[in-house]
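Below is one structure, written out as C-alpha cells; the observations come after it.
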Amino acid sequence: MKRPLTPAVALLPALAATACAPQSAVERKPLNIIHIMTDDHSYQTISAYGHPISQLAPTPNIDRLAAEGVTFTRAYVENSLSTPSRACLITGLYSHQNGQRRLGAGIDTTKTFISEILQQNGYQTGVVGKWHMRCDPKGFDYYYIFNDQGEYYNPRFRSPQSNGEYVREEGYSAALVTDHAIDFLEHRDKDKPFCLLVHHKAPHRNWMPEPKYYDLYEDVEFPMPDNFYDDYSERGTAARNQKMSIDKDMEMVYDLKVIELKDEKSYVPEPNSYWSPAAAGLTPEQQEAWNAAYGPKNRAFVEANLSGRELAEWKYQRYMRDYLRCIRSVDDEVGRLLDYLKEHDMLDNTVIVYTSDQGFYMGEHGWFDKRFMYEESFRTPLIVRYPGGRQGEVCDRLVQNIDYAPTYLAAAGIEQPEYMTGLPLQPLCKGREPRQWREDLYYHYYDYPAEHRVLRHDGVSDGRYKLIHFYDKDKNGNVVMREDELYDLEADPSEMHNIIDREDIARVRERLQKRLDEYRTQLAVDEY
C-alpha cells in the first residue's frame with residue numbers, strides 16, 4: 001500500500017507501523033553535505049513539530065528548513081547519549097560495533113570513519129564545534145573543535161594550526177561555531193564537493209544563554225506536561241531509581257544559576273557547586289551583564305522561600321526559559337548559515353540536515369536529560385533539505401541515526417559498504433515509494449552506573465508497540481537483574497502503563513521478543 005508523505009504542518013508523529021524499503025539511492029553527481037547537530041535538542045522545542053512549548057518559543061530558521069525539506073516525525077537514535085550518538089554518525093555502526101558504548105569508553109579508531117571514505121573520494125571534509133570523542137578528528141581536512149563539551153562563553157578551540165593547544169576565543173559558542181563553519185566554506189577548494197559537520201554545544205546542560213537573550217521569555221509561562229508529577233507506579237526499577245528529576249536532582253546553583261544560595265547558611269553543597277559566572281569563562285564586563293540580568297531574579301526567588309510544588313514548578317520554568325534561550329541562539333545561527341548558502345548559490349547542490357544527538361525531556365515524567373528508550377529521549381528531531389527533493393512535507397517512516405552515513409555516501413555517489421546496516425534516506429526525501437522499509441528499530445543503552453543512574457537496557461520498537469529489557473550486572477559482568485516493559489504507543493503515547501503482563505497482548509509480546517532476539521543475533525550483541 002502506498003503511503004505518500006504528508007504536508008508539513010505542525011504534526012505529532014503518526015504511530016502506525018510501516019512496511020516499505022530502500023531503492024538504489026546513489027547520486028550521479030556528488031552533492032555537498034552539511035550536517036547540523038545540536039546537543040540535547042528536543043523535538044518538542046522545534047515549532048515545525050507543533051508541540052505547545054514550541055509555539056511559545058518558535059524556531060523560524062529551523063522551520064525554514066522544514067518548509068524546504070522533509071520533517072521526519074519518527075526519527076530515533078540507537079543509544080541516547082552524546083558521544084555514542086556521534087560515533088554512530090561517524091562510523092555508520094551501532095555502539096557495540098564501533099566501541100563507543102558509554103561516554104567514557106573511547107571509540108575504536110581502527111574503524112573507518114565516513115570522513116575518510118568521503119575524503120578518499122575527492123571530498124573536502126570539515127568539522128566545527130563539539131567533537132567529544134577521545135581521538136583526533138580522522139579524515140578531516142579542516143577542524144575547529146571544542147575542548148571536551150566546550151564552554152558556552154568564550155570557548156576554547158583546537159585546530160591543526162594550534163599546535164595541540166586549545167585557544168580561547170571571545171564570543172558565544174553558537175556564533176563562533178558558525179563563524180568557523182563559514183570560514184571553512186570561504187576557504188575550501190571550490191572545484192571539490194564538501195562535507196561539513198556543524199556541531200553546536202547548545203542546548204546542553206547547564207543551559208547558559210547568549211547575553212542578548214538573558215531576559216527572553218521571562219514573562220512566558222510554559223505549559224507543564226500532564227505527567228510532570230508521575231509516581232512511576234506502573235513501571236519498574238529503572239523509572240523509580242533514576243536521578244534526573246527536575247524537582248529532586250536539578251541543582252539550584254549549577255543548573256538554575258542561583259549563586260546567591262551559596263551564601264545561605266542552609267545551603268547544602270551540590271556535586272556541581274563549583275559553578276559561578278567567573279568559572280563559566282566570562283570576562284569581568286560579561287560577568288557584570290550576567291549579574292545585572294540574573295541578580296534581581298535570583299534575589300526575588302530567594303526572598304520568596306519557595307518549597308514543595310511551588311519550588312518544583314519554579315525550577316521547571318527557569319529550566320525551560322534558559323533552555324529555550326539557548327535554542328533561540330542556535331536558530332539564529334542556522335539562519336545565518338542558510339543565508340550564506342543562499343547568497344553564494346549553494347542551496348541547489350547541498351544536502352542540509354538538522355538533527356540532535358538524541359532527544360531530551362522537557363519535564364515529561366518530571367525529568368530532564370535523556371538515556372531512556374522512552375519516547376522523548378529515544379526520538380530525535382530530524383529535518384532534511386535535499387536538492388530536488390520534497391518540500392514542506394512530513395515523513396512518518398521509522399528512521400535511525402545509523403542511516404546518516406549511508407545517506408551521505410549515497411549523496412556522494414559512493415556505494416554503501418556491506419558492514420553498514422543503515423538505510424539511505426534519499427527515497428524518502430525525494431518522494432519515491434520504497435519497495436521495502438524497516439518495520440522496527442533496535443536500541444541499546446550501556447552507561448550504568450553513571451550520572452542519572454539509568455539502568456542498562458535494550459529493546460525493539462515497531463512504532464506502535466515498544467518492548468524494553470532492563471538489566472544490571474555485578475562486578476564480574478554477570479547479569480543479576482532483568483525486568484521487561486511493554487508499551488502501546490497508540491493507546492498510551494506518554495508511556496505511563498507497562499502492559500507486559502496483559503494476557504490480551506501476549507502475541508504482540510512474543511512477536512517483539514522474537515524480533516529483539518533476532519536483532520541480538522544478527523548484530524552479534526554481546527550483552528543484554
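Starting from the range 426-513, pick out the GluC sites (Glu not before Pro) whose DSSP state is loop and whose Cβ has at most 16 other Cβ atoms within 10 Å. Sparse-neighbourhood loop GluC sites (Glu not before Pro): GLU439, GLU451, GLU490. Computed per residue of the chain from DSSP H runs no shorter than four, each worth -39500 (n - 2.57), the mean residue ellipticity at 222 nm is -8500 deg cm²/dmol.
Modelled this way, with points 7 Å down the Cα-to-C-beta line, the labels at GLU439 and ARG453 are 4.0 nm from one another.
For the chain, relative contact order (Cα pairs under 8 Å, six or more residues apart, normalised by length) works out to 26 percent. In this simple spin-label model, placing a label point 7 Å from the Cα along the Cα-to-Cβ direction at both LYS342 and ASN147 gives a separation of 3.8 nm. Phi angles of the range 454-469 translate, via the Karplus equation with coefficients 6.51, -1.76, 1.60 and θ = phi - 60°, into HN-Hα couplings of 8, 4, 4, 6, 10, x, 9, 10, 9, x, 9, 10, 9, 10, 10, 10 Hz per residue; Gly and Pro are given as x. Label reach from LYS297 (point 7 Å along Cα→C-beta): in the range 191-221, amide nitrogens under 19 Å belong to 202-221.
Within the range 240-316, the chymotrypsin sites (Phe, Trp or Tyr not before Pro) that combine a DSSP coil assignment with at most 15 other C-beta atoms in a 10 angstrom radius are TYR267, TYR274. Amide H contacts under 5 Å for TYR465: LEU489, restricted to partners 5 or more places along the chain or on a different chain, H placed in the peptide plane at 1.01 Å from N. Each residue of the range 116-125 is assigned a 3J(HN,Hα), and the resulting list reads 5, 4, 5, 4, 5, 10, x, 8, 8, 10 Hz, derived from the Karplus form 6.51 cos²θ - 1.76 cosθ + 1.60 (θ = phi - 60°), x at Gly and Pro.
Sparse packing (at most 16 other Cβ atoms within 10 Å of the Cβ) combined with a DSSP loop state is found for the following GluC sites (Glu not before Pro) in the range 186-223: GLU218, GLU221.
Under the criterion of Cα pairs below 8 Å and six or more residues apart, the relative contact order for the range 112-256 equals 21 percent.
Normalised by residue count, the range 286-397 yields a Cα convex hull volume of 159 Å³ per residue.
Charged neighbours of THR125, selected by a Cβ distance under 13 Å, balance to 0 (K, R count +1; D, E count -1).
Heavy atoms of the protein chains alone define the surface here; on that basis the range 26-113 has 25 Å² accessible area per residue at 1.4 Å probe size. Taking every DSSP beta bridge with both residues inside the chain, roughly what % is antiparallel (nearest 5)? Roughly 60 percent of the beta bridges in the chain run antiparallel, per DSSP. Between SER276 and LEU523, take the C-beta separation as r, use R0 = 35 Å, and let me know the FRET efficiency to the nearest 0.05. Step by step, r from the Cβ atoms, then E = 0.15. Accessible area per residue for the range 423-466 is 29 Å², calculated with a 1.4 Å probe on protein heavy atoms, without ligands, DNA or RNA. Under 5 Å from the amide H of ASN227 lie the amide H atoms of HIS365, each residue being 5 or more positions distant or on a separate chain, with H modelled from the backbone and absent for Pro and chain starts. One decimal place: the segment ASP231-LEU311 gains 27.0 nm when fully extended, by the rule 0.36 nm per residue minus the C-alpha distance. Here the convex hull built on the C-alpha positions of the range 112-184 has a volume of 85 cubic angstrom per residue. Rounded to the nearest 0.05, what FRET efficiency is calculated for ASP215 and ASP108 with R0 set to 45 Å and r the Cβ-Cβ distance? Between ASP215 and ASP108 the formula returns 0.45. With 19 Å as the limit, write out which pairs from LYS201/LYS370; LYS111/LYS370; LYS297/LYS370; LYS248/LYS315; LYS248/LYS370 have Cα-Cα distances beyond it, or answer none. Distance filter (> 19 Å) returns LYS111/LYS370; LYS297/LYS370.
Per the 1.4 Å probe, what fraction of the accessible area of the chain, in percent, lies on carbon and sulfur atoms? Within the chain, the accessible surface is 46 percent carbon and sulfur.
The values are calculated or read from the model by the stated rules, or taken from the named source; none is laboratory data. Keep in mind that what you see is a predicted model, and the values were worked out from it rather than measured. In this analysis, Cβ positions are derived from the backbone assuming ideal geometry, glycine residues included, and neighbour counts consider all displayed protein chains. Ligands, DNA and RNA are excluded from the accessible area calculation, which covers all protein heavy atoms including side chains. Shrake-Rupley method; radii C 1.70, N 1.55, O 1.52, S 1.80 Å.
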